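Notes follow the structure.
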Amino acid sequence: MASTLALIDCNNFYAACEQAFDPLLQGRPVVVLSNNDGCIVARSREARQLGIGMGTPYFKVAQQLQGLGVVVRSSNYALYGDMSARVMACLGARVPELEVYSVDEAFARTPALEAGALLAWGAELRVLVKQQLGLSIAVGMAPSKVLAKLANRLAKVDPARAGVFRFPTAAALEPWLEAVPVEEIWGVGQRLARWCRLRGLTTAWALSQANPALVKRQWGVVGLRLQQELRGISCLPLVQGSTPKRETCVSRSFSQPIEDLRQLREAVATYVVRAAEKLRRQSQLTACLTVFIRTSPFQSGFYGNSATVKLPLATNDTTVLLQAALPLVAQLFRRGYRFHKAGVLLQELQPLGQLQQHLFVSLSPQQQQRREALMQLVDQLNGRFGAGTLQWAVTGLQPPWFMRRGHLSPSYTTRLKELPLVQAR
(Lines give C-alpha, C1' and ligand atoms only; values in the text may rest on other atoms or scores of the structure.)
Protein backbone atom coordinates (compact mmCIF):
# COMPACT_ATOMS: atom_id res chain seq x y z
CA MET A 1 0.00 0.00 0.00
CA ALA A 2 1.41 3.39 -1.04
CA SER A 3 2.47 5.75 1.71
CA THR A 4 0.19 8.73 2.26
CA LEU A 5 1.11 12.10 3.71
CA ALA A 6 -1.30 14.52 5.33
CA LEU A 7 -1.20 18.23 6.00
CA ILE A 8 -3.19 19.00 9.14
CA ASP A 9 -4.02 22.67 9.54
CA CYS A 10 -5.97 24.55 12.20
CA ASN A 11 -8.68 26.73 10.69
CA ASN A 12 -8.39 30.47 11.44
CA PHE A 13 -6.06 29.55 14.29
CA TYR A 14 -5.64 32.82 16.21
CA ALA A 15 -9.33 33.70 15.99
CA ALA A 16 -10.32 30.11 16.80
CA CYS A 17 -8.21 30.18 19.99
CA GLU A 18 -10.11 33.28 21.12
CA GLN A 19 -13.47 31.64 20.39
CA ALA A 20 -12.50 28.39 22.11
CA PHE A 21 -12.22 30.05 25.53
CA ASP A 22 -15.05 32.58 25.31
CA PRO A 23 -18.50 31.07 24.66
CA LEU A 24 -19.85 34.54 23.85
CA LEU A 25 -17.66 34.62 20.73
CA GLN A 26 -19.05 31.42 19.24
CA GLY A 27 -20.71 32.21 15.91
CA ARG A 28 -19.63 35.86 16.03
CA PRO A 29 -17.14 37.56 13.70
CA VAL A 30 -13.72 37.89 15.37
CA VAL A 31 -10.54 39.56 14.12
CA VAL A 32 -7.07 39.48 15.69
CA LEU A 33 -4.66 42.40 15.34
CA SER A 34 -0.90 42.47 14.84
CA ASN A 35 1.67 44.06 17.15
CA ASN A 36 0.61 47.44 18.54
CA ASP A 37 -2.92 46.71 17.30
CA GLY A 38 -1.76 47.66 13.82
CA CYS A 39 -3.33 45.41 11.16
CA ILE A 40 -5.78 42.54 10.94
CA VAL A 41 -3.76 39.31 10.86
CA ALA A 42 -6.45 36.71 11.55
CA ARG A 43 -10.19 36.41 10.90
CA SER A 44 -12.83 33.95 11.99
CA ARG A 45 -15.01 32.33 9.35
CA GLU A 46 -17.80 34.77 10.22
CA ALA A 47 -15.46 37.75 9.73
CA ARG A 48 -14.34 36.41 6.37
CA GLN A 49 -17.94 36.20 5.25
CA LEU A 50 -18.32 39.90 6.01
CA GLY A 51 -15.57 40.65 3.50
CA ILE A 52 -13.05 41.94 6.05
CA GLY A 53 -9.65 41.97 4.36
CA MET A 54 -6.46 40.43 5.73
CA GLY A 55 -3.75 42.98 6.48
CA THR A 56 -6.16 45.91 6.67
CA PRO A 57 -4.92 48.66 9.05
CA TYR A 58 -7.16 48.64 12.09
CA PHE A 59 -7.51 52.42 12.37
CA LYS A 60 -9.05 52.53 8.89
CA VAL A 61 -11.87 50.08 9.68
CA ALA A 62 -12.35 50.47 13.45
CA GLN A 63 -15.72 52.20 13.14
CA GLN A 64 -16.85 49.82 10.41
CA LEU A 65 -16.00 46.79 12.55
CA GLN A 66 -17.89 48.26 15.49
CA GLY A 67 -20.95 48.82 13.32
CA LEU A 68 -20.83 45.23 12.08
CA GLY A 69 -20.54 43.84 15.61
CA VAL A 70 -17.08 42.42 15.02
CA VAL A 71 -15.13 41.42 18.13
CA VAL A 72 -11.57 42.74 18.10
CA ARG A 73 -8.70 41.04 19.93
CA SER A 74 -5.01 41.88 20.30
CA SER A 75 -2.51 39.12 19.53
CA ASN A 76 -2.19 36.87 22.59
CA TYR A 77 1.02 35.04 21.71
CA ALA A 78 1.26 33.18 25.01
CA LEU A 79 -2.18 31.66 24.45
CA TYR A 80 -1.56 30.79 20.81
CA GLY A 81 1.82 29.23 21.53
CA ASP A 82 0.42 27.05 24.30
CA MET A 83 -2.57 25.96 22.20
CA SER A 84 -0.23 25.13 19.32
CA ALA A 85 1.82 22.87 21.61
CA ARG A 86 -1.36 21.13 22.76
CA VAL A 87 -2.55 20.56 19.20
CA MET A 88 0.79 19.06 18.16
CA ALA A 89 0.88 16.83 21.21
CA CYS A 90 -2.62 15.60 20.41
CA LEU A 91 -1.68 14.87 16.78
CA GLY A 92 1.67 13.33 17.65
CA ALA A 93 0.01 10.68 19.81
CA ARG A 94 -2.11 9.49 16.86
CA VAL A 95 0.13 9.50 13.80
CA PRO A 96 3.21 7.38 13.03
CA GLU A 97 5.37 10.41 12.12
CA LEU A 98 4.78 14.14 12.61
CA GLU A 99 6.61 17.21 11.30
CA VAL A 100 5.58 20.48 12.94
CA TYR A 101 5.66 22.94 10.05
CA SER A 102 4.32 26.12 11.67
CA VAL A 103 2.33 27.25 14.69
CA ASP A 104 -0.89 25.83 13.22
CA GLU A 105 0.28 23.30 10.59
CA ALA A 106 1.87 19.88 10.64
CA PHE A 107 2.73 17.26 8.06
CA ALA A 108 2.09 13.67 9.11
CA ARG A 109 2.40 10.17 7.75
CA THR A 110 -1.00 8.56 7.91
CA PRO A 111 -1.69 5.02 9.16
CA ALA A 112 -1.56 2.30 6.49
CA LEU A 113 -5.27 2.22 5.63
CA GLU A 114 -7.42 1.90 2.52
CA ALA A 115 -8.75 5.07 0.87
CA GLY A 116 -12.16 4.95 2.53
CA ALA A 117 -10.70 4.17 5.93
CA LEU A 118 -8.26 7.10 5.56
CA LEU A 119 -11.15 9.52 5.10
CA ALA A 120 -12.79 8.09 8.22
CA TRP A 121 -9.48 8.44 10.09
CA GLY A 122 -9.26 12.11 9.09
CA ALA A 123 -12.82 12.72 10.23
CA GLU A 124 -12.14 11.05 13.60
CA LEU A 125 -9.03 13.20 14.03
CA ARG A 126 -11.09 16.35 13.46
CA VAL A 127 -13.62 15.25 16.07
CA LEU A 128 -10.88 14.45 18.57
CA VAL A 129 -9.16 17.87 18.28
CA LYS A 130 -12.52 19.62 18.47
CA GLN A 131 -13.50 17.72 21.60
CA GLN A 132 -10.19 18.14 23.41
CA LEU A 133 -9.23 21.68 22.39
CA GLY A 134 -12.28 23.32 20.84
CA LEU A 135 -10.44 23.93 17.55
CA SER A 136 -11.40 22.96 14.00
CA ILE A 137 -8.81 21.38 11.73
CA ALA A 138 -8.67 20.47 8.05
CA VAL A 139 -6.93 17.32 6.81
CA GLY A 140 -5.56 17.07 3.28
CA MET A 141 -4.02 13.75 2.17
CA ALA A 142 -1.89 12.92 -0.87
CA PRO A 143 1.23 10.98 -1.91
CA SER A 144 3.48 14.08 -1.58
CA LYS A 145 3.81 17.20 0.56
CA VAL A 146 2.99 19.66 -2.25
CA LEU A 147 -0.16 17.74 -3.15
CA ALA A 148 -1.09 17.40 0.55
CA LYS A 149 -0.92 21.20 0.80
CA LEU A 150 -3.33 21.53 -2.13
CA ALA A 151 -5.56 18.80 -0.72
CA ASN A 152 -5.78 20.69 2.57
CA ARG A 153 -7.02 23.78 0.75
CA LEU A 154 -9.63 21.73 -1.11
CA ALA A 155 -10.76 20.25 2.21
CA LYS A 156 -11.53 23.77 3.45
CA VAL A 157 -13.24 25.36 0.45
CA ASP A 158 -15.99 22.77 -0.09
CA PRO A 159 -18.32 22.25 2.92
CA ALA A 160 -19.42 18.94 1.44
CA ARG A 161 -15.99 17.49 2.16
CA ALA A 162 -16.39 18.21 5.88
CA GLY A 163 -12.78 19.32 6.29
CA VAL A 164 -11.19 16.12 4.92
CA PHE A 165 -9.97 15.50 1.36
CA ARG A 166 -7.72 12.89 -0.19
CA PHE A 167 -6.28 13.18 -3.66
CA PRO A 168 -7.04 10.23 -5.92
CA THR A 169 -4.33 8.27 -7.69
CA ALA A 170 -1.70 10.12 -9.71
CA ALA A 171 -3.48 9.10 -12.93
CA ALA A 172 -6.55 11.11 -11.91
CA LEU A 173 -4.84 14.35 -10.83
CA GLU A 174 -5.41 16.36 -14.03
CA PRO A 175 -8.87 17.87 -13.33
CA TRP A 176 -7.82 18.93 -9.85
CA LEU A 177 -4.48 20.47 -10.80
CA GLU A 178 -5.93 22.24 -13.85
CA ALA A 179 -8.05 24.33 -11.45
CA VAL A 180 -5.02 25.52 -9.44
CA PRO A 181 -3.20 28.65 -10.73
CA VAL A 182 0.56 28.23 -10.73
CA GLU A 183 0.94 31.10 -8.24
CA GLU A 184 -1.00 29.17 -5.60
CA ILE A 185 1.34 26.17 -5.52
CA TRP A 186 3.24 25.78 -2.26
CA GLY A 187 6.88 26.62 -2.95
CA VAL A 188 6.27 28.75 -6.05
CA GLY A 189 7.49 32.32 -5.56
CA GLN A 190 7.07 35.37 -7.77
CA ARG A 191 10.11 34.63 -9.96
CA LEU A 192 9.13 31.03 -10.67
CA ALA A 193 5.49 32.00 -11.25
CA ARG A 194 6.54 34.67 -13.75
CA TRP A 195 8.86 32.21 -15.52
CA CYS A 196 5.99 29.72 -15.80
CA ARG A 197 3.52 32.32 -17.09
CA LEU A 198 5.91 33.47 -19.80
CA ARG A 199 6.04 29.87 -21.05
CA GLY A 200 2.31 29.23 -20.89
CA LEU A 201 2.54 27.12 -17.75
CA THR A 202 -0.41 28.76 -16.02
CA THR A 203 -1.70 25.90 -13.87
CA ALA A 204 -0.32 23.28 -11.50
CA TRP A 205 -1.09 20.61 -14.09
CA ALA A 206 0.82 22.46 -16.82
CA LEU A 207 3.89 22.78 -14.59
CA SER A 208 3.72 19.10 -13.65
CA GLN A 209 3.74 18.15 -17.35
CA ALA A 210 6.51 20.55 -18.45
CA ASN A 211 9.82 19.25 -19.80
CA PRO A 212 11.80 18.16 -16.71
CA ALA A 213 15.11 19.07 -18.38
CA LEU A 214 13.87 22.63 -18.91
CA VAL A 215 12.73 22.93 -15.31
CA LYS A 216 15.98 21.56 -13.95
CA ARG A 217 18.13 23.78 -16.20
CA GLN A 218 16.34 26.93 -14.97
CA TRP A 219 15.55 26.04 -11.34
CA GLY A 220 17.89 23.21 -10.51
CA VAL A 221 17.08 20.30 -8.24
CA VAL A 222 14.60 22.41 -6.22
CA GLY A 223 12.42 23.02 -9.27
CA LEU A 224 12.66 19.39 -10.35
CA ARG A 225 11.60 18.20 -6.90
CA LEU A 226 8.61 20.53 -6.99
CA GLN A 227 7.55 19.13 -10.36
CA GLN A 228 7.94 15.55 -9.16
CA GLU A 229 5.89 16.35 -6.05
CA LEU A 230 3.08 17.65 -8.31
CA ARG A 231 3.19 14.34 -10.14
CA GLY A 232 2.60 12.49 -6.89
CA ILE A 233 6.22 11.39 -6.40
CA SER A 234 7.35 12.18 -2.85
CA CYS A 235 10.70 14.02 -2.83
CA LEU A 236 10.41 16.01 0.40
CA PRO A 237 10.77 13.75 3.44
CA LEU A 238 9.18 14.38 6.79
CA VAL A 239 11.51 16.22 9.15
CA GLN A 240 11.04 15.08 12.73
CA GLY A 241 12.46 17.17 15.50
CA SER A 242 13.44 20.80 15.22
CA THR A 243 16.07 21.89 12.70
CA PRO A 244 18.87 23.92 14.32
CA LYS A 245 18.37 27.61 13.58
CA ARG A 246 21.04 29.64 11.85
CA GLU A 247 19.85 32.99 13.23
CA THR A 248 17.58 34.23 16.00
CA CYS A 249 15.96 37.63 15.78
CA VAL A 250 13.75 39.63 18.14
CA SER A 251 12.34 42.85 16.72
CA ARG A 252 9.30 44.99 17.47
CA SER A 253 7.79 48.31 16.47
CA PHE A 254 7.21 50.68 19.38
CA SER A 255 3.73 51.70 20.49
CA GLN A 256 4.97 55.30 20.37
CA PRO A 257 8.14 56.80 18.89
CA ILE A 258 11.29 56.91 21.03
CA GLU A 259 13.46 60.03 21.08
CA ASP A 260 15.39 59.36 24.28
CA LEU A 261 18.56 57.25 24.49
CA ARG A 262 17.56 55.75 27.83
CA GLN A 263 14.28 54.44 26.44
CA LEU A 264 16.00 53.08 23.36
CA ARG A 265 18.46 51.23 25.62
CA GLU A 266 15.51 49.77 27.55
CA ALA A 267 13.89 48.56 24.35
CA VAL A 268 17.03 46.94 22.97
CA ALA A 269 17.78 45.39 26.37
CA THR A 270 14.29 43.90 26.44
CA TYR A 271 14.84 42.32 23.04
CA VAL A 272 18.27 41.00 24.08
CA VAL A 273 16.68 39.29 27.09
CA ARG A 274 14.06 37.64 24.89
CA ALA A 275 16.63 36.59 22.31
CA ALA A 276 18.81 35.00 25.02
CA GLU A 277 15.79 33.09 26.33
CA LYS A 278 15.14 31.81 22.82
CA LEU A 279 18.73 30.66 22.50
CA ARG A 280 18.54 28.68 25.73
CA ARG A 281 15.28 27.02 24.63
CA GLN A 282 17.00 26.08 21.39
CA SER A 283 20.10 24.78 23.26
CA GLN A 284 22.30 27.10 21.22
CA LEU A 285 25.05 29.71 21.68
CA THR A 286 25.77 32.82 19.63
CA ALA A 287 29.14 34.24 18.59
CA CYS A 288 27.84 37.37 16.81
CA LEU A 289 25.31 40.01 17.84
CA THR A 290 23.75 42.78 15.72
CA VAL A 291 21.59 45.68 16.94
CA PHE A 292 19.51 47.63 14.44
CA ILE A 293 17.24 50.67 14.78
CA ARG A 294 15.20 52.77 12.38
CA THR A 295 12.72 55.60 12.15
CA SER A 296 9.42 55.35 10.29
CA PRO A 297 9.90 54.81 6.53
CA PHE A 298 6.71 56.78 5.92
CA GLN A 299 8.07 60.03 7.31
CA SER A 300 10.67 62.40 5.90
CA GLY A 301 14.25 62.24 7.14
CA PHE A 302 14.43 58.46 7.39
CA TYR A 303 17.32 57.06 9.40
CA GLY A 304 18.18 53.43 9.88
CA ASN A 305 21.41 51.81 10.95
CA SER A 306 22.92 48.70 12.52
CA ALA A 307 26.07 47.69 14.37
CA THR A 308 27.61 44.26 14.91
CA VAL A 309 29.95 42.87 17.53
CA LYS A 310 31.80 39.56 17.49
CA LEU A 311 31.87 37.74 20.81
CA PRO A 312 35.20 36.18 21.89
CA LEU A 313 33.27 33.28 23.43
CA ALA A 314 29.96 32.03 22.13
CA THR A 315 27.27 32.36 24.80
CA ASN A 316 23.57 32.46 25.65
CA ASP A 317 24.16 34.28 28.93
CA THR A 318 21.83 37.28 29.11
CA THR A 319 24.30 39.34 31.13
CA VAL A 320 27.10 38.86 28.60
CA LEU A 321 24.82 39.68 25.67
CA LEU A 322 23.53 42.83 27.38
CA GLN A 323 27.09 43.98 27.98
CA ALA A 324 27.83 43.50 24.29
CA ALA A 325 24.63 45.08 22.94
CA LEU A 326 24.11 48.23 25.01
CA PRO A 327 27.27 50.05 23.85
CA LEU A 328 26.04 49.58 20.28
CA VAL A 329 22.82 51.44 21.10
CA ALA A 330 24.75 54.58 22.08
CA GLN A 331 26.80 54.22 18.91
CA LEU A 332 23.68 54.08 16.70
CA PHE A 333 21.54 56.68 18.48
CA ARG A 334 21.04 60.05 16.80
CA ARG A 335 19.43 62.90 18.72
CA GLY A 336 16.50 64.57 17.01
CA TYR A 337 15.15 61.39 15.37
CA ARG A 338 11.92 59.60 16.33
CA PHE A 339 12.70 55.89 16.35
CA HIS A 340 9.86 53.50 15.51
CA LYS A 341 11.55 50.11 15.58
CA ALA A 342 14.58 48.29 16.96
CA GLY A 343 15.78 44.73 17.04
CA VAL A 344 18.50 42.26 17.93
CA LEU A 345 19.90 39.61 15.60
CA LEU A 346 21.98 36.71 16.95
CA GLN A 347 24.14 34.97 14.37
CA GLU A 348 26.83 32.30 14.06
CA LEU A 349 24.79 29.98 16.23
CA GLN A 350 26.28 26.73 17.45
CA PRO A 351 25.16 23.80 19.62
CA LEU A 352 25.26 24.17 23.38
CA GLY A 353 27.93 21.51 23.86
CA GLN A 354 30.27 22.91 21.21
CA LEU A 355 32.04 25.82 22.91
CA GLN A 356 35.30 26.92 21.33
CA GLN A 357 37.51 28.43 24.02
CA HIS A 358 39.52 31.63 23.45
CA LEU A 359 43.22 31.91 24.14
CA PHE A 360 42.96 35.36 25.76
CA VAL A 361 39.55 35.02 27.45
CA SER A 362 39.50 32.64 30.37
CA LEU A 363 36.33 30.82 31.34
CA SER A 364 36.85 27.94 33.72
CA PRO A 365 34.40 25.02 33.86
CA GLN A 366 33.29 26.24 37.31
CA GLN A 367 32.52 29.74 35.99
CA GLN A 368 30.63 28.30 33.04
CA GLN A 369 28.58 26.03 35.29
CA ARG A 370 27.66 28.94 37.57
CA ARG A 371 26.51 31.02 34.59
CA GLU A 372 24.44 28.16 33.21
CA ALA A 373 22.88 27.50 36.63
CA LEU A 374 21.94 31.16 37.03
CA MET A 375 20.30 31.35 33.61
CA GLN A 376 18.48 28.08 34.25
CA LEU A 377 17.13 29.45 37.55
CA VAL A 378 15.91 32.66 35.89
CA ASP A 379 14.14 30.68 33.16
CA GLN A 380 12.54 28.34 35.69
CA LEU A 381 11.16 31.18 37.81
CA ASN A 382 9.79 33.06 34.82
CA GLY A 383 8.35 29.86 33.41
CA ARG A 384 6.62 28.98 36.67
CA PHE A 385 5.36 32.38 37.79
CA GLY A 386 5.01 34.18 34.46
CA ALA A 387 7.25 36.12 32.10
CA GLY A 388 8.88 39.13 33.72
CA THR A 389 8.71 37.75 37.27
CA LEU A 390 12.49 38.10 37.40
CA GLN A 391 13.92 40.67 35.03
CA TRP A 392 16.92 42.89 34.40
CA ALA A 393 16.58 46.45 35.68
CA VAL A 394 17.93 47.89 32.44
CA THR A 395 14.74 46.81 30.64
CA GLY A 396 12.61 49.25 32.67
CA LEU A 397 9.49 48.57 34.69
CA GLN A 398 6.58 50.12 32.75
CA PRO A 399 8.09 51.59 29.60
CA PRO A 400 5.76 53.85 27.56
CA TRP A 401 7.08 52.38 24.28
CA PHE A 402 5.97 48.84 25.16
CA MET A 403 3.77 47.05 22.64
CA ARG A 404 0.21 48.33 22.62
CA ARG A 405 -2.43 45.62 23.09
CA GLY A 406 -5.65 47.35 24.00
CA HIS A 407 -7.89 44.37 23.21
CA LEU A 408 -5.91 41.59 24.89
CA SER A 409 -7.78 38.53 26.13
CA PRO A 410 -6.70 36.69 29.31
CA SER A 411 -3.88 34.14 29.22
CA TYR A 412 -6.33 31.33 29.85
CA THR A 413 -3.77 28.52 29.91
CA THR A 414 -0.49 30.10 31.04
CA ARG A 415 -1.32 32.24 34.10
CA LEU A 416 -2.95 30.89 37.25
CA LYS A 417 -4.71 34.19 37.93
CA GLU A 418 -6.34 34.12 34.49
CA LEU A 419 -7.58 30.54 34.37
CA PRO A 420 -11.21 30.40 33.19
CA LEU A 421 -13.71 29.69 35.95
CA VAL A 422 -16.84 27.57 35.56
CA GLN A 423 -19.81 27.99 37.88
CA ALA A 424 -22.32 25.15 38.21
CA ARG A 425 -25.72 26.04 39.65
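The values are calculated or read from the model by the stated rules, or taken from the named source; none is laboratory data. Quantities reported herein were computed from a predicted structural model and do not represent experimental measurements. Note that each Cβ is placed from the backbone with ideal geometry, even for glycine, and that neighbours are counted across all protein chains shown. Note: areas computed on protein heavy atoms with side chains; ligands, DNA, RNA excluded. Shrake-Rupley method; radii C 1.70, N 1.55, O 1.52, S 1.80 Å.
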Taking the chain and counting helices only, DSSP H stretches of n ≥ 4 at -39,500 (n - 2.57) each over all residues, the nearest-500 ellipticity at 222 nm comes to -12500 deg cm²/dmol
Summing +1 per Lys or Arg and -1 per Asp or Glu among the other residues with Cβ less than 15 Å from residue 332's Cβ gives +4
The answer for the net charge of residues other than residue 268 whose Cβ lies under 14 angstrom from its Cβ, with Lys and Arg +1 and Asp and Glu -1, is +4
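With charges set only on the Cβ (+1 for Lys and Arg, -1 for Asp and Glu), what does the dipole of the chain come to about its Cα centre, in debye to the nearest 20?
Dipole of the chain, to the nearest 20 debye: 660 debye.
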Taking Cα atoms only, Rg over Rh for the stretch 259-334 with Rh from the Kirkwood formula is 1.02
per DSSP, antiparallel bridges as share of beta bridges in the stretch 93-224, % nearest 5, sits at 65 percent
Length-normalised contact order of the stretch 314-425, Cα under 8 Å, at least 6 apart, in percent, tallies to 19 percent
The distance between the Cα centres of the stretch 250-270 and the stretch 25-59, in whole Å, is 27 Å
Taking every other residue with Cβ under 13 Å from the Cβ of residue 73 and scoring Lys and Arg +1, Asp and Glu -1, one gets 0
The answer for chymotrypsin sites (Phe, Trp or Tyr not before Pro) in the stretch 276-379 that fall in a DSSP coil and have at most 12 neighbouring Cβ atoms within 10 Å is 298, 302, 360
Between residue 102 and residue 384, the two model label points (7 Å from Cα along the beta-carbon direction) sit apart by a distance in nm of 3.7 nm
Computed over the stretch 176-282, the convex hull of the Cα set has an average projected area, in nm², of 11.1 nm²
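Give the carbon-plus-sulfur fraction of the accessible surface of the chain in %, rounded to a whole number; probe 1.4 Å, heavy atoms of protein chains only. Don't jump to the answer; show the numbers that get you there.
Numbers: 12060 of 22520 Å².
Result for the chain: 54 percent of the exposed heavy-atom area is carbon or sulfur.
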Loop-resident GluC sites (Glu not before Pro) in the stretch 163-265 with no more than 15 other Cβ atoms inside 10 Å, DSSP not H/G/I/E/B, are 247, 259
Filtering trypsin sites (Lys or Arg not before Pro) in the stretch 189-271 by DSSP loop and by at most 10 other Cβ atoms within 10 Å leaves 246
For residue 352 and residue 249, extending 7 Å from Cα along the Cα-Cβ vector and measuring point to point gives, in nm, a value of 2.6 nm
